[in-house]
Amino acid sequence: MLVSLPQNYGRNTFVLPVHLPLLHPAGYPNHRSFKMSESIEVGGEESSFEDSSSRTTPKKRLFQLGLVQSLHVVVKMMAIWGSERASVLRISGFVVVIGVVVVASLLVCSSEGLNVEGQYLLELKSSLTDQYNHLGNWNSSDQTPCEWKGVSCSMGYDPVVFSLNLSSMNLSGKLSPSIGGLVHLTYLNLSNNAIAETIPKEIGNCSMLETLYLDNNNFRGEIPAELGNLRCLLKLNLCNNRISGPFPDEIGNLSSLVELVAFTNNLTGPLPHSFGKLKNLKIFRAGQNLISGSLPVEIGGCGSLEVLGLAQNQLGGEIPKELGMLGKLRILFLYDNELSGVIPKELGNCSELETLALDANSLVGNIPVEIGGLGYLQRLYLYRNGLNGTIPKEIGNLTLAIEIDFSENFLTGEIPTELSNIRGLTLLYLFQNELTGIIPVELFSLRNLTKLDLSINYLTGPIPVEVQYLTELLMLQLFHNSLTGSIPQGLGVYSRLWVVDFSENNLTGRIPPHLCRHSNLILLNLWSNKLTGNIPSGVTNCKSLVQLRLGGNGLMGSLPSDLCKLMNLSSIELDQNEFSGPIPPDIGNCKALQRLHLFENYFTSELPGEIGNLSQLVSFNISSNKLTGGIPSEIVNCRMLQRLDLSRNSFVGNLPNEFGRLSQLELLKLSENKLSGEIPACLGNLSHLTELQMGGNNFSGPIPPDLGHLLGLQIAMNLSYNNLSGNIPPELGSLVLLEYLLLNNNHLMGEIPSTFSTLSSLLGCNVSYNDLTGPLPSIPLFHNMVISSFVGNKGLCGGPLGACVGSPFVTLSSPMVKEPNVPLGKIVAIAAAAIGGVSLVLIVVILCVMQRPVETVTPLQDKQLTSSVSDITPVQPLDEGGDLVTWVRNYIQSHSMEPGIFDNRLDLADKNTLDHMFMVLKISLMCTNMLPNDRPSMRQVVSMLIETKERGDPASSLTSDFPLKEDTE
């Protein structure tokens, strides 16, 4: 390059041809070349400086003037260096280079534009929403972004952005593809924001990235395969987003990866086999996704793996034995999947394991004894599987264990005493298995034990008295076993108990007085035992108590008024005991009470109006007591009530009209009282009602048509055994969900409404002993029903009553059909003996003979009701060992309940005898229901038979006509 100084230097003019690169402010990602070949007149009036891509601005002109002045100084220095007489000065290459460097430095240092990485960052900012202006100092007028918040640059002459940390800035919007221009990034953290849309594939251009945190955002779409280009990546965190699709196979290219976290997304598909290439991977957590398929055996090649978390997915197949190759594995989370097969014994080779969680799968077989060799194991969770066999005594070798949970399996045998070797054990859950034998006394040498649950097993014997000396014990649950003896009376003296549940055992004696000594007790459940005596004051004054369940015992005394001072108490269940006396008005002080069950006791006097103060009350059952007086109108202030049972008392008077305000009511039972007056029409406002029981009272007047508005009524409407009159309202035909309708033993007249043909869900209907006339509605149910559902009317005809021939009505004196030549010896014996005298011994015989064993209890909602004879499984004849109960049910379904089912040697012409026989047979069928919850208790059976004998009627009320759902909650 040549700089020429002409002879007329005195004019101070020179020509400097140069070619220099410049940055154009809008030219990223492509750099432009700025060509400068201008004539600059130093000291003259004019100077020319043109840019092919922009016009000169005032600001730029200042820059140009500064450049001219700098060049002027350089030229003067060169002029002095040369000879004054020389006409032409030729300067060596060295001097030219110095000149060019000076000019380039001036251009760079004096430029107003932001560098390329700054421009990329500004574009990233433009795609984000910065609600709190955290990025307020990201200024386009800066030369570099190195002073910007969250940005870190390297040191030196030419700094580059190597770190970008925008974590927890409440940013939203999307991540711009311009992130791919920051090629020097080694650290990128965008976690804990609300950034959405997809992860741009351009992020794969950041080839120097070592840490990438995108967790806790709203990213969606798939993981871009381009992430596989980040060969330097050490840590990748994508958790708590909405990312979907499978892991890309390219994930296996991340050979440097140490930590991969992607839990709580919507990832699907199987894990790629390429995971086996991740030799440096220490942490892999991808739980709470939708990952399916089998665990790839190649994962056994990840020899550095310390944490493997794939819980709460849809993984299936067997656990690969190759996991036993992971000698450094400390934590294995595979719970809540669909894994099957056995637990591989090779897991015993994972000698560093501290936590093993395989719960909530479909694993079967024995617990491998090799598990006992995991000397560092602290937490072992195998619950909710199908494991069987005994608990290996080798589990006692896990001396560092803190928590062991084998619950909800099919484990058998006794509880091994070797568990007492685990001195640091704080939690032991063995509930819902098939364990037998006694509770080992040795267990209570575990002084650190805080939670012990052995419920739902077949354990026998007493509760060891040593349990009362465990100072750290908080939860003790032993319910649903066959434990006997008394509860240790010192229980609670040394431990801050907050849950004690011994329900459904055979425990005797008194309730320990010190259970709440430390005012920590929340739940006390001793329901269904044989406890006696009073409720101790230590319990009635327990201020921390939330739930008190003492039903099904032999407790006595009055309802303690101190209970009404417990402000946290939400549930009082004292049902099925021998409590007596009035219900104290103080009950209204239990403002937090949601559940009050006092049924089947001997409470007397009137129900206090203060009951209306219980504004949170949801379920109130005081049935089967000796309460008198009227139903207090204040009860309608309990607006949260969903279940109200006042049946089987001696309440009198009218039903308060305000009952229609109980808009949340789902169950209303008022049967077997002495209530009178008309049925309030406002009951039709109870839109949530599913069961209405008002039978066995003295209600009079017509049935309100408004009851037809109870469209949610499903279980039953029982208005039987009252003094109701008038026609049956056709509006009842709107109750399309109703299963049982009982209107028998009233004074109803007219025809059965034709609208009943729309009652498609009806399983039973009884209109007997009224003054009804006319033909039965033409629906299959009426034509297949037992004839006793219609008897006692003046002129009903059709269906089982016979055709309406000649006169529009016929009486019920038609001969009943018999079924000859049927082997019914057993039924004859049962029925005949029952008629001869309803003795308790005979009732037991009936139940024992007809009780059908149930191997599996199917949930009620899963049970499909049989609707046709063709669905019935054939049974052998009785003489060949056939099932009596099934035979009877099949016969009734085929022929309805008619006298032909009984032995023809009996006097079937005697109406009294026939009615009683039908009654006993119905009770027997109720007692042999498939579902235990549908069977009446022995007390109910005796009560129904005695009441039937006293009334001389074929049925007492709903419970003696049809097996309805009992309030078992």
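The values are calculated or read from the model by the stated rules, or taken from the named source; none is laboratory data. Every value quoted in this text rests on a predicted model; they were computed, and no experiment measured them. With ideal geometry, Cβ positions are generated from the backbone for all residues, glycine too; neighbour counts draw on all protein chains shown. Just the protein is used for accessible areas: all its heavy atoms, side chains included, with ligands, DNA and RNA removed. Shrake-Rupley method; radii C 1.70, N 1.55, O 1.52, S 1.80 Å.
In segment 646-685, the qualifying residues are those that are touching a Lys or Arg at 6+ places or on another chain (Cβ under 9 Å) and acidic (Asp, Glu), and the one that is least open to solvent (accessible area, probe 1.4 Å) is Glu672. Of everything listed in (1) modelled with pLDDT under 95; (2) open to solvent by 10 Å² or more (accessible area, probe 1.4 Å), the single unmet condition for Gln616 is (1).
Going through Gly348, Gly341, Gly372 one at a time, which residue ends up being touching a residue at least 24 places away in the same chain (Cβ under 8 Å), closer than 21 Å to Asn409 by Cβ and part of a strand (DSSP E or B)? Reasoning before the result, please.
Values: Gly348 fails: part of a strand (DSSP E or B); Gly372 fails: part of a strand (DSSP E or B).
One residue alone meets the criteria, Gly341.
Identify, from the list Glu394, Glu408, the residue that is more than 31 Å from the chain's Cα centre (by Cα), over 21 Å from Leu470 (Cβ atoms) and not in a strand (DSSP E or B). I'd like the intermediate steps shown before the answer.
Numbers: Glu408 fails: more than 31 Å from the chain's Cα centre (by Cα).
The unique qualifying residue is Glu394.
Only one of the numbered conditions (1) in a strand (DSSP E or B); (2) touching a Cys at 6+ places or on another chain (Cβ under 8 Å) is violated by Gly327, and that is (1). Only one of the listed residues (Leu234, Leu278, Leu290, Leu271) is modelled with pLDDT of 95 or more and either of a type in the set (Lys, Arg) or closer than 18 Å to Asp215 by Cβ (or both). That residue is Leu234.
Looking at (1) on the phi > 0 side of the Ramachandran plot; (2) surrounded by fewer than 16 Cβ atoms within 10 Å (Cβ to Cβ), which one does Ser561 not meet, given that it meets all the others? All conditions are met except number (1).
Kindly establish whether Leu772 is part of a strand (DSSP E or B), crowded, with 23+ Cβ neighbours inside 10 Å, without any contact (Cβ under 8 Å) to a residue 60 or more places away in the chain and not acidic (Asp, Glu). Give the derivation first.
On the way: part of a strand (DSSP E or B): yes; crowded, with 23+ Cβ neighbours inside 10 Å: yes; without any contact (Cβ under 8 Å) to a residue 60 or more places away in the chain: yes; not acidic (Asp, Glu): yes.
So Leu772 passes the test.
Going through (1) part of a loop (DSSP other than H, G, I, E, B); (2) under 20 Å from Leu566 (Cα atoms); (3) open to solvent by less than 10 Å² (accessible area, probe 1.4 Å) one by one, Leu524 falls short only on (1). Reported count of residues in segment 452-470, each being among the aliphatic types (A, V, I, L, M) and surrounded by fewer than 20 Cβ atoms within 10 Å (Cβ to Cβ), is 1. Scanning segment 477-510 for residues that are open to solvent by less than 10 Å² (accessible area, probe 1.4 Å), closer than 13 Å to Ser528 by Cβ and either hydroxyl-bearing (Ser, Thr, Tyr) or more than 35 Å from the chain's Cα centre (by Cα) (or both) returns a single hit, Ser503. Asn421 meets each of the listed conditions (1) open to solvent by less than 10 Å² (accessible area, probe 1.4 Å); (2) touching a helix residue (DSSP H, G or I) at 6+ places or on another chain (Cβ under 7 Å) apart from (1). Scanning segment 210-232 for residues that are in contact with a helix residue (DSSP H, G or I) (Cβ under 8 Å, 6 or more places away or on another chain), part of a loop (DSSP other than H, G, I, E, B) and more than 16 Å from Thr264 (Cβ to Cβ) gives Pro224, Leu230, Arg231. What number of residues within segment 200-222 satisfy the criterion of being open to solvent by 10 Å² or more (accessible area, probe 1.4 Å) and among the β-branched types (Val, Ile, Thr)? The total comes to 1.
Somewhere in segment 658-668, is a residue within 26 Å of Pro632 (Cβ to Cβ), in contact (Cβ under 8 Å) with a residue 60 or more places away in the chain and out of contact with any Cys (no Cβ under 6 Å at 6 or more places or on another chain)? Checked against the condition, which is being within 26 Å of Pro632 (Cβ to Cβ), in contact (Cβ under 8 Å) with a residue 60 or more places away in the chain and out of contact with any Cys (no Cβ under 6 Å at 6 or more places or on another chain), segment 658-668 yields at least one hit. So Leu281 ticks every box in (1) assigned to a loop (DSSP other than H, G, I, E, B); (2) within 32 Å of the chain's Cα centre (by Cα) but one. Which box is left unticked? Tallying (1) assigned to a loop (DSSP other than H, G, I, E, B); (2) within 32 Å of the chain's Cα centre (by Cα), Leu281 fails exactly one: (2).
Give the residue that is nearest to Gly653 (Cα to Cα), with candidates limited to residues of segment 701-733 that are among the small types (Gly, Ala, Ser) and crowded, with 18+ Cβ neighbours inside 10 Å. The selected residue is Ser720.
To keep it simple, each residue is scored yes or no on (1) more than 12 Å from Val342 (Cβ to Cβ); (2) of a type in the set (Gly, Ala, Ser); (3) surrounded by 19 or more Cβ atoms within 10 Å (Cβ to Cβ).
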site	(1), (2), (3)
Gly365	no, yes, no
Gly373	yes, yes, no
Tyr376	yes, no, no
Arg379	yes, no, no
Leu387	no, no, yes
Pro392	yes, no, no
Leu398	yes, no, yes
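The condition of being assigned to a loop (DSSP other than H, G, I, E, B) and aromatic (Phe, Trp, Tyr) holds for only one of Phe659, Phe599, Phe603, that being Phe599.
Name the residues in segment 151-191 that are part of a loop (DSSP other than H, G, I, E, B) and without any contact (Cβ under 8 Å) to a residue 24 or more places away in the chain, would you?
Met155, Gly156, Tyr157, Asp158, Pro159
Could you check, for segment 486-508, whether at least one of its residues is under 19 Å from Leu427 (Cα atoms), touching a Lys or Arg at 6+ places or on another chain (Cβ under 6 Å) and not in a strand (DSSP E or B)? I'd like the intermediate steps shown before the answer.
Keep residues of segment 486-508 that are under 19 Å from Leu427 (Cα atoms), which gives 491-492, 494-502.
Restricting the remaining residues to those that are touching a Lys or Arg at 6+ places or on another chain (Cβ under 6 Å) gives 492.
Checking the rest, the ones that are also not in a strand (DSSP E or B) come to 492.
Yes, segment 486-508 contains at least one residue that is under 19 Å from Leu427 (Cα atoms), touching a Lys or Arg at 6+ places or on another chain (Cβ under 6 Å) and not in a strand (DSSP E or B).
Can you find a residue in segment 437-458 that is of a type in the set (Ser, Thr, Tyr) and assigned to a strand (DSSP E or B)?
First, pick out the residues of segment 437-458 that are of a type in the set (Ser, Thr, Tyr): 445, 450, 455, 458.
Those left that are additionally assigned to a strand (DSSP E or B): none.
So far as segment 437-458 goes, no, none of its residues is of a type in the set (Ser, Thr, Tyr) and assigned to a strand (DSSP E or B).
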